[in-house]
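Report on the following structure.
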Amino acid sequence: MAEQRRDAGDGRDAGETGARRPGEALERAWDDLVATARRTVSDGLVVGTSGNVSVRVGDTVLVTPTGVPYDRLSPEDVCGVSLDGRRVLGSLVPTSELPMHLAVYRSTDARAVVHTHAVHATAVSTLVTELPLVHYMSAALGGPVRVAPYATYGTEKLAENMLRALRGRTACLLQNHGTLAHGATLDQAYDRTAQLEWMCRVWLTASSVPGRTPTLLTEEQVARAGQRLEGYGQP
Ligand SMILES: [Zn+2]
């Protein structure tokens with residue numbers, strides 16, 4: 001998803017009606033986006049249409065449209081906006097959480113964003129201002145995961161709070177709302193979301209044992225794990 005140029009049709013202004021045909025790279029990215037959005041539902045991270053997914057191709061951001069069940073999204077439903085939120089592809093209205101997605105692309109080098117209302121993460125967002133360090137996988141998200149203070153969904157205020165919580169991190173919780181994670185690819189943003197939800201579940205499980213308090217890691221222990229994770233995987 002690291003393509004820097006837009007495909008054939010680039011530069012032809014479709015205006016607000018968005019009549020421009022997507023190029024091949026955008027068509028492929030749309031297929032990947034729809035597959036990722038469906039995965040958030042089948043894996044239980046999203047109920048109905050309560051989450052949203054986006055991917056950046058050049059200066060175009062493809063994003064799930066508002067109120068359309070993911071299993072009904074077809075190639076014709078492609079929904080694309082510019083970095084300032086102007087519709088450049090398709091005729092469907094983009095997700096109401098567009099301000100959060102665009103804020104991430106404008107201030108990081110992320111290429112994909114996943115937002116969910118995953119149940120354990122949302123529960124944790126009502127209890128703490130930072131996810132306690134129950135597991136070293138916090139390091140894979142850049143350190144202790146912060147909770148962005150509550151603001152009405154779809155507002156610039158929420159996008160602002162989210163950006164502050166994301167500083168130095170690739171994921172955050174949104175108070176009484178859900179999760180947001182970004183990555184270099186849709187798979188990476190998705191995996192970070194799933195890791196975050198899993199860690200929230202671990203903390204809730206451990207802290208619900210009566211009379212016991214979970215042992216937590218220190219920031220230093222998590223940072224050391226982070227150094228190892230950098231070299232993790234197949235060469
Ligand atoms: Zn939401």
Exercise. Local charge sum around LEU73 (other residues, Cβ-Cβ under 14 Å, Lys/Arg +1, Asp/Glu -1)?
Worked result: -3
Problem set entry | Length gained when the stretch ARG228-SER107 is fully extended (0.36 nm per residue, less Cα-Cα span) | 40.9 nm
For this session: Measure nothing fancy, just the Cα-based angle from helix 186-207's long axis to the longest principal axis of the chain, in degrees from 0 to 90, nearest 10.
Result: 30
Seminar exercise, completed: Most exposed to least, judged by fewest other Cβ atoms within 10 Å, VAL47, VAL68, VAL124 sort to VAL47, VAL68, VAL124
Exercise. Based on the Kirkwood radius over alpha-carbon pairs, what is the Stokes-Einstein translational diffusion coefficient of the chain at 20 °C with 1.002 mPa s viscosity, in µm²/s?
Worked result: 118
Exercise. Expressed as a rounded percentage, what relative contact order does the chain have, with Cα pairs under 8 Å and six or more residues apart?
Worked result: 19
Problem set entry | Pair GLN221, ASP84: separation of 7 Å Cα→Cβ label points (nm) | 5.0
Problem set entry | Order of ARG167, ARG86, ARG146 under a 10 Å beta carbon neighbour criterion, fewest first | ARG167, ARG86, ARG146
For this session: Describe numerically, in nm with one decimal, the distance between label points set 7 Å from Cα along Cα→Cβ at ASP77 and at ASP59.
Result: 2.9
Exercise. How long is the gain from THR155 to SER96 if the chain were fully straight, where each residue apart is worth 0.36 nm and the alpha carbon distance is subtracted?
Worked result: 20.4 nm
For this session: Can you tell me the dipole magnitude for the range 24-229 around its Cα centre, using point charges on the Cβ only (Lys, Arg +1; Asp, Glu -1), in Debye to the nearest 20?
Result: 560
For this session: Would you order HIS182, HIS117 from fewest to most other beta-carbon atoms within 10 Å of each residue's own beta-carbon?
Result: HIS117, HIS182
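Values quoted throughout were computed directly from the atomic coordinates according to the rules given, and no laboratory measurement underlies them. Just so you know, these numbers come straight off a predicted model, no measurement behind them. Methodologically, a virtual Cβ is constructed for each residue, glycine included, from the backbone with ideal geometry; neighbour enumeration extends over all protein chains shown.
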